[in-house]
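Please read the structure below before turning to the comments.
Where a number appears in this text, it was derived from the coordinates with a stated rule and is not lab data. All values derive from a computational prediction rather than experimental measurement. In this analysis, Cβ positions are derived from the backbone assuming ideal geometry, glycine residues included, and neighbour counts consider all displayed protein chains.
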Amino acid sequence: MALTTRDIPVPAIPASDIRALEIPASDIPASDIPVPDTRASDIRALEIPAAPATPGAPGAWAQWYESGLGWPTTGSDPVELLTGVRFDVLELPADAGFALLRRVPRTGPVAVEGPRMRLLVAAGSADELPGLLDWLEWGEVPLDLTAIGAGGRIIAPCPPSRPFGTALGEPVPQKAAVWLRPPEPGSEVEPMLPVAGFGGDGDAPDLVRLVGAAATECHRARLLRGRLLPGQRGARRAGEA
């Protein structure tokens, strides 16, 4: 059974209430970053795919990434992807991430693991994040928006299909990392990754606009979570179970 975003608490607050939130202005025109309707009913359009059954040996996962995509891995169990080589990672809370994906249809590969969402961006972008947040006037705001770059690693999401025809093993736990927007083996990933500089490089989305939209959604999600009392949070979780 596919996991849905009902498994991730989303405050049921009408979109009209959002106008009361104070979000710092940035140098990016508002028309470039449209504000979505944040009604909980909109969440049903985004679903987290159930992790498919996969080979029991971690070597098959590593081979899928190394041979199919050319991405270096640790070869450990669980398999981890090395960041800062072919890509960096922009990481944010999953509730803010799903709102971001509704606003930004073009991104690089995107994965989710438990309460965190990870967007792949061009290598070197992690070093750009603090300066971009300052430039966008988000530098002093606690956003829970981070980046992983050179020397880092992330848990490898479950490959979206059976790698290399190996036999199926035990199903991956539901809380394992899975791809929402998977990479395509055999194709160059770099041209699809958000890069610094307006206009990007080729068809790549623009990192500045992506970070600006991500910061807005992180701030919005934090404020909305703060409006719910502890009892309301528990009742909401019980109602979504």
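Give the residue, chosen from Arg116, Arg103, Arg86, that is of a type in the set (Lys, Arg), touching a strand residue (DSSP E or B) at 6+ places or on another chain (Cβ under 9 Å) and more than 17 Å from Glu190 (Cα to Cα).
Checking each option against the conditions leaves just Arg116.
With respect to Arg116, is the statement that it is of a type in the set (Lys, Arg) and over 17 Å from Pro194 (Cβ atoms) true?
It is true that Arg116 is of a type in the set (Lys, Arg) and over 17 Å from Pro194 (Cβ atoms).
Sort out which residues of the stretch 138-154 are surrounded by 15 or more Cβ atoms within 10 Å (Cβ to Cβ), assigned to a loop (DSSP other than H, G, I, E, B) and either in contact with a strand residue (DSSP E or B) (Cβ under 7 Å, 6 or more places away or on another chain) or polar (S, T, N, Q) (or both), and write them in order of number.
Residues satisfying the conditions are Leu145, Gly149.
Within the stretch 73-109, restricting attention to residues that are in a strand (DSSP E or B) and β-branched (Val, Ile, Thr), which residue is nearest to Val178 (Cα to Cα)?
Per the criteria, the residue is Val89.
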